[in-house]
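Structure record follows, encoded as structure tokens.
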Amino acid sequence: MRQCAGWSSVLALLWVLGTVGQKLPTRDEGLFQMQIRDKSLFHDSSVIPDGAEISGYLFRDTPKRYYFVVEEDNTPLSVTVTPCDAPLEWKLVLQELPEEASGEGSGEPEPLDQQKQQVTVDEGTELFTYKGNDVESYVATSTPSGLYQLELLSTEKDSNFKVYATTTPESDQPYPELPYDPRVDVTALGRTTVTLAWKPTPTGFLMGQPVQYCVVINKEHNFKSMCAAEAKISSDDAFMLAPKPGRHFSPFDFAHFGFPSNSLGKDRGLTSNKISRAYTVKPKQTDIQKLCIGNKNIFTIADLKPDKQYYFDVFAVNSATNTSTAYVGTFARTKEEARQKTVELKDGKVTDVFIKRKGSKFLRFAPVSSHQRVTLFAHACLDTVQVQVRRDGKLLLSQNVEGVRQFQLRGKPKAKYLIRLRGSRKGASTLKVLATTKPSSKQPFPSLPEDTRIKAFDKLRTCSSATVAWLGTQDRNKYCIYRKEVAENYGEEQRRREQNQCAGPETRRKSEKVLCKYFHSPNLQKAVTTETITGLEAGKTYLLDVYVVAHSGHSVKYQSKLVKTRKYC
């Protein structure tokens, strides 16, 4: 009867501490499995279940207490606390409970107020204390029965944490075990990639538990727990900061903490303007990434930035319980980007430039004499190219160039110009670039109309000829037209690959040449010319090209045109 009365006092005490209507969890296996499946049972509870990890939240400088019961003497005990956002102070205390109930062994419990007073007056025996941000455990092979109190405090800021307690630590093994060498090694290092390797956890292949690995990459520091990494990832929107004293709550604030918001605003006399001004949250940009990669223990991280230091952490995660253990993290600095040679531009000379896919090239122009203006010509032969120009470090120009473009830059005595060309994502790029300080009316490249397409007239198509037209300009230029028979299944992709505007007539066979002629019109509205190409075969497909050639000899090709002659006439 004594023992029964004593434990009924403990249950009554826990009811007073805030567990109204909740049965105290014990390690009865059937009850334990039911409670684990029902996570809501432990939400905002002061009771720690035996054999399950719980999550909690601390407001700064506000201690929080949790309780659990050890029912029998000489019971093993393990308590693990995982800080997430900030270092924690925590202590474990064994409370002294009365050996007999009132009523001289009658089995009738004492009044609740007296029970609470007995426990609060007696501070109990302090078993363990810790302060820091490491994952720390209290482990004892034999403990007396009683009520155990865990008190946690965060003095730096509001913080998340996790707690796990069990009276069967040898059989539970909730956290994946680390190998004898728990270090993460960097096995390969590049400019944008880092390869990591680590020894597998014995929990997976020896104990048959479902284990996967998660890798966390960031630029600040290593993390001591998955909880800490996830708190950093979700720090922008996971928790709202507690309002400062004297500031009003908004209905949104109450709803965030789980209170109904239907009439709270009226009670506080809030206005919509006040709410919108007080709690406008701007999302932060976090430089942290978590990747879960299954059970492989070699992994390559790509798309990093050259010459940057990164921190890498690996966590073994029990997929069934979602508990995790941290390996000893590492860090590494990616290799520097290969320094490219800067091409020197000569005044008034055309320079050919080749750029790899998504690559860059640097050009330098240093006029030998004082100048008032620099004229820059850029001819993008294939895809669009980004052109940036800096004068003595100051950005003057940043534009995408397609076809032929001319730029006028303000000069400065003894100034030096750095030109950066950035290629396309689609493929390699080629350009022709010219910079000059000489005032001249003659341009190295021919002038082009805005529309460089070739128009074919379907009604004028015959079995042996095709009629086409194209636009010109007010400048008198030379136009040469070429033809080439292609297969019937010749597609747009093949045509695009051959659309190199910088490849001039000199690259074509003489047999493909149709004619060359000069053309211009003072009136741009009438600057159009037509040409009929004869000597074609019936039912054949031809690729037609028009080249416009400047006085300097540089040429630009119009967009190619596919035509097919009629099969029957």
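The values are calculated or read from the model by the stated rules, or taken from the named source; none is laboratory data. It should be emphasised that the depicted structure is a prediction, and the values quoted were computed from it without experimental measurement. Every residue, glycine among them, receives a Cβ derived from its backbone with ideal geometry; neighbour counts consider all protein chains shown. The area values use the complete protein model at the heavy-atom level, side chains included, leaving out ligands, DNA and RNA. Shrake-Rupley method; radii C 1.70, N 1.55, O 1.52, S 1.80 Å.
Structural remarks
- Put a plus charge on the Cβ of each Lys and Arg, a minus charge on the Cβ of each Asp and Glu, and nothing anywhere else: the dipole of the range 370-436 about its Cα centre is then about 320 debye.
- A Förster radius of 45 Å, combined with the Cβ-Cβ distance separating Leu127 from Glu337, puts the computed FRET efficiency at roughly 0.20.
- Set of lysines with alpha-carbon distance to Lys510 below 16 Å, sequence-local pairs under 8 removed: Lys484
- For the range 466-569, the relative contact order is 42 percent, taking Cα pairs closer than 8 Å that sit 6 or more residues apart in sequence and dividing their mean separation by the residue count.
- Cβ-derived FRET efficiency at R0 41 Å, Lys455 paired with Arg420, nearest 0.05: 0.65
- Treating r as the C-beta distance of Thr532 and Ile288 and R0 as 51 Å, the FRET efficiency rounds to 0.15.
- With every protein chain in place, the range 357-426: carbon and sulfur % of accessible area (1.4 Å): 43 percent
- Ranked packing of 401-409, 454-462, 190-198, 323-331, most packed first, by mean Cβ within 10 Å: 323-331, 190-198, 401-409, 454-462
- Whole-percent pair-distance distribution, where bins are 5 Å wide, for the alpha carbons of the range 426-569: 2, 9, 18, 20, 20, 15, 9, 5, 2, 1, 0, 0
- Percent RCO, i.e. relative contact order, over the range 459-518, from Cα pairs under 8 Å lying at least 6 residues apart: 52 percent
- Taken over the C-alpha atoms, the range 320-392 has Rg and Dmax values of 22.5, 75 angstrom.
- Sorting 141-153, 52-64, 530-542 by average packing, meaning the other beta carbons within 10 Å per residue, from highest down gives 141-153, 52-64, 530-542.
- By the rule of a C-alpha distance below 21 Å, with chain neighbours fewer than 8 residues away ignored, the lysines paired with Lys358 are Lys305, Lys308, Lys335, Lys341, Lys426, Lys432.
- Residue-normalised accessible area of the range 438-545, given per residue in Å² at a 1.4 Å probe: 62 Å²
- Alpha-carbon centroids, the range 453-513 and the range 408-447: separation in whole Å: 28 Å
- With a simple spin-label model that places each label point 7 Å from the Cα along the Cα-to-Cβ direction, the separation between Thr541 and Lys296 comes to 4.1 nm.
- Theoretical gain in end-to-end length, Lys394 to Asn523 [0.36 nm per residue, Cα-Cα removed]: 42.4 nm
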